[in-house]
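Throughout, read-outs are computed from the coordinates displayed, never taken from laboratory work. Everything quoted here is computed from the prediction, not taken from an experiment. Positions of Cβ are backbone-derived with ideal geometry, glycine not excepted, and every protein chain shown enters the neighbour counts.
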Amino acid sequence: MGKKLVATGRGGTGKSTFTSLTSRYLPPPIFLIDLDPDQSLAEMLGVNLKEEGVKTISEALYDIIAARKAGAGGSMSVHERIQFLLNTEALYEGNNFDLFVLGTKLTEGCYCAPDAIISGAIPKIIDSYRYVMIDSPAGLEHLNREVVSDIDDLFVILDPSSKSLKHIERIKNITSAIGIKYNHFYLVGNYRFDKDTQKKMEATGEIYLGNIEYDPDLEKYNLSGRSLLDLPEDSPACKSVKKILTKAGLL
């Protein structure tokens with residue numbers, strides 16, 4: 001059975017950046033899941049879903065609902081149709097990783113239905129991959145929806161603020177309250193960390209793995225829409241993430 005990794009944290013801390021660069025170093029096969037409605041992970045990985053003809057989970061669900069309302073659902077049950085889409089139209093298959101993207105919801109209500117689809121798919125795909133890594137949306141609501149309940153490594157990506165310190169405790173309280181289990185709870189600082197801030201993180205009593213180093217090339221790649229996987233090997237961001245993953249025992 002593969003390992004389940006989750007990157008979580010407040011908005012704008014660098015979860016998608018960390019997930020993208022992590023996928024660069026983890027040994028394949030890897031399955032990535034983007035739960036963030038902003039769906040920036042695919043772009044950071046150099047994947048254009050429209051050009052690839054791949055739907056987001058939300059788009060696939062919308063199509064199923066629309067077809068049923070139009071009386072064009074065919075002989076497949078809703079469950080069978082969902083499984084078919086997960087295995088075909090909503091699945092991006094790359095050379096080093098495969099990918100699901102939650103996407104922006106196109107129906108009324110919350111993200112419960114598409115989240116439930118992904119939650120149900122994870123136990124079925126975990127045996128086929130060495131790692132399943134989830135890029136979480138900002139905040140903690142995704143934890144309440146229990147998209148994944150048993151986590152091997154939970155990476156909390158932080159910015160240097162008092163809100164991040166409070167966020168650590170909130171994550172621990174919520175996971176404990178709703179029964180989400182994890183083997184390791186790791187703190188990772190973003191590029192805005194300095195030595196003083198790092199000392200504060202180390203003083204929390206949690207395992208602080210280090211910070212993602214500032215990299216001007218990373219900013220340029222993001223602005224131009226270029227894949228972060230194309231960053232040079234001596235990139236400060238890449239080297240720091242590789243060091244973080246080594247400390248976590250993943251490399």
Length gained when the stretch S119-I207 is fully extended (0.36 nm per residue, less Cα-Cα span): 28.9 nm
Sorted by chain and then number, the residues having a modelled amide H within less than 5 Å of the amide H of Y92, at least 5 places away or on another chain, are L99
Can you list the lysines whose alpha carbon sits under 19 Å from that of K163, skipping same-chain ones fewer than 8 residues off? K15, K172, K195, K199, K200
Can you work out the FRET efficiency for the pair Q83 and I174, with r the C-beta to C-beta distance and R0 = 25 Å, to the nearest 0.05? 0.25
If you count, for each residue, the other Cβ atoms within 10 Å and average over each peptide, how do 172-181, 148-157, 116-125 line up from highest to lowest? 148-157, 116-125, 172-181
Note the full-extension length gain between K195 and R226 as 0.36 nm times their separation in residues minus their Cα-Cα distance, in nm to one decimal. 8.1 nm
Using the Cα atoms of the chain, I'd like the radius of gyration and the largest Cα-Cα distance, Dmax, both in angstrom. 18.2, 62
For Y182, list long-range residues whose amide hydrogen, built 1.01 Å from N in the peptide plane, is under 5 Å from its own amide hydrogen. I151
Dipole magnitude of the chain about its Cα centre, charges +1 at Lys/Arg Cβ and -1 at Asp/Glu Cβ only, in debye to the nearest 20? 600 debye
Helix-only mean residue ellipticity at 222 nm for the chain, each DSSP H run of n ≥ 4 adding -39500 (n - 2.57), per residue, nearest 500: -12000 deg cm²/dmol
For E169, E43, what ranking results if the residue with the fewest other Cβ atoms within 10 Å of its Cβ goes first? E169, E43
